[in-house]
Amino acid sequence: MNHDLERRLRAALRPVDPGDDFSAKVLARTAKEPAHFARPPRSPAVAGWLAFGLATCVVLGLLLAHQWQVRRTQQGLEARRQLIEALRVTDQKLDLANRVVNEKERAPPDSGA
Amino acid sequence: MSGDEECTGGELLTQALAGERAAFGALVCRHQRAVYSLALRMLSDRHAAEDLAQEVFLQLYRSLASVASEAHLSFWLRKVTMHRAIDRLRREPRHTGVGLEEAAALAGEAAEGDPILERRLRSLLAELPSAARAVVLLRYQEDLDPVEIARTLKMPVNTVKSHLRRSLAMLRERIADAAAADAGVATRVALPGEDRSPP
């Protein structure tokens with residue numbers, strides 16, 4: 001029963017022709033339209049080159065970003081080294097000054113008179 | 001269109017994309033039957049169906065660059081036709097049933113089968129809600145499976161199956177009712193004859 005109904009539906013829904021002049025009417029309507037679709041389709045070779053170019057751009061971008069990151073890290077390390085050196089020199093000078101002050105305090109008060 | 005037989009759909013599409021109007025015309029010839037038939041069964045009006053089918057091909061002409069292949073073209077045409085038809089039915093709901101013009105147009109086609117039953121089926125189909133009608137048409141006119149119908153109409157597969165089940169049940173019931181009514185009329189027509197016959 002079900003298959004019979006489906007078969008009859010298929011028969012009842014056979015496609016119908018719109019008439020001989022249908023495509024002519026459509027083309028007449030399209031003639032009023034600007035041919036804005038007239039873009040030649042990309043050939044596979046062009047598509048391949050486009051993909052290659054895009055991939056190259058991505059790789060170059062990643063390399064540049066990596067180099068920038070390395071340079072920034074090196075600059076940071078150099079700044080850190082210079083800061084440590086400056087602190088070390090400052091420490092030495094302060095130590096020296098401290099020693100001079102201590103020696104002057106320990107000297108007898110009449111020794112210079 | 002002679003190019004229709006000579007070229008494949010893909011070649012026609014490529015040529016149409018390159019701006020060849022003849023190739024676009026051949027594409028129209030190749031798909032006009034399917035597009036017009038879907039529009040006609042959805043709208044039940046020949047003039048409205050022809051107008052809608054022309055609009056679909058005009059839209060195709062405008063957005064041909066977005067069509068990737070012949071298979072995509074068929075899918076695109078079905079989708080746009082159905083969505084436009086459903087939109088039009090929402091905007092201007094039509095009478096249900098098959099008009100005289102359509103019946104006359106289809107009379108010549110029913111070379112086999114039962115033309116009265118087929119007309120009755122089409123008439124019952126026109127009484128279905130637009131979404132259910134679209135599902136039945138894509139299933140039995142375009143021979144799509146429920147997954148393809150779901151993709152075309154942008155609805156869940158279960159909804160498609162549910163529409164199909166309910167629509168078939170309704171059609172079966174209405175056909176059975178009509179057959180029973182016809183049998184009743186035949187009996188009533190036959191009875192007076194029996195009364196008049198000699199004992």
Can you tell me which residue among B:A132, B:A126 is closer than 21 Å to A:A11 by Cβ and at pLDDT below 90?
B:A126
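Conditions (1) within 14 Å of chain B (Cβ to nearest Cβ); (2) exposed (fewer than 11 other Cβ atoms within 10 Å of the Cβ); (3) at pLDDT 90 or above; (4) under 30 Å from B:S69 (Cβ atoms), marked per residue:
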| position | (1), (2), (3), (4) |
| --- | --- |
| A:D4 | yes, yes, no, no |
| A:K32 | yes, yes, no, yes |
| A:F37 | yes, no, no, yes |
| A:A86 | no, yes, yes, no |
Cβ-Cβ below 9 Å, separation at least six or inter-chain, first residue in segment A:1-23 and farther than 21 Å from B:A39 by Cα, second buried (at least 16 other Cβ atoms within 10 Å of the Cβ): which pairs?
A:N2/B:L168; A:L5/B:L121; A:L5/B:L168; A:L5/B:L171; A:L5/B:I175
Please specify each residue of segment B:16-43 satisfying the condition of being at positive phi and in a helix (DSSP H, G or I).
none
Expected output for segment B:18-44 (first residue facing another protein chain (nearest Cβ under 7 Å), partner of a type in the set (K, R) and part of a helix (DSSP H, G or I), Cβ below 8 Å, 6+ apart or cross-chain) is B:A34/B:R78; B:L40/B:R46; B:R41/B:R122; B:R41/B:R133
Scan segment B:112-169 for residues that are in a helix (DSSP H, G or I), within 12 Å of another protein chain (Cβ to nearest Cβ) and over 14 Å from the mean Cα position of the chain (by Cα) and jot them down.
B:P115, B:I116, B:L117, B:R120, B:L164, B:R165, B:S167, B:L168, B:A169
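The values are calculated or read from the model by the stated rules, or taken from the named source; none is laboratory data. Note that the coordinates shown come from a computational prediction; the quantities given were computed from them, not determined experimentally. All Cβ positions, glycine included, derive from the backbone under ideal geometry; neighbour counts span all protein chains shown.
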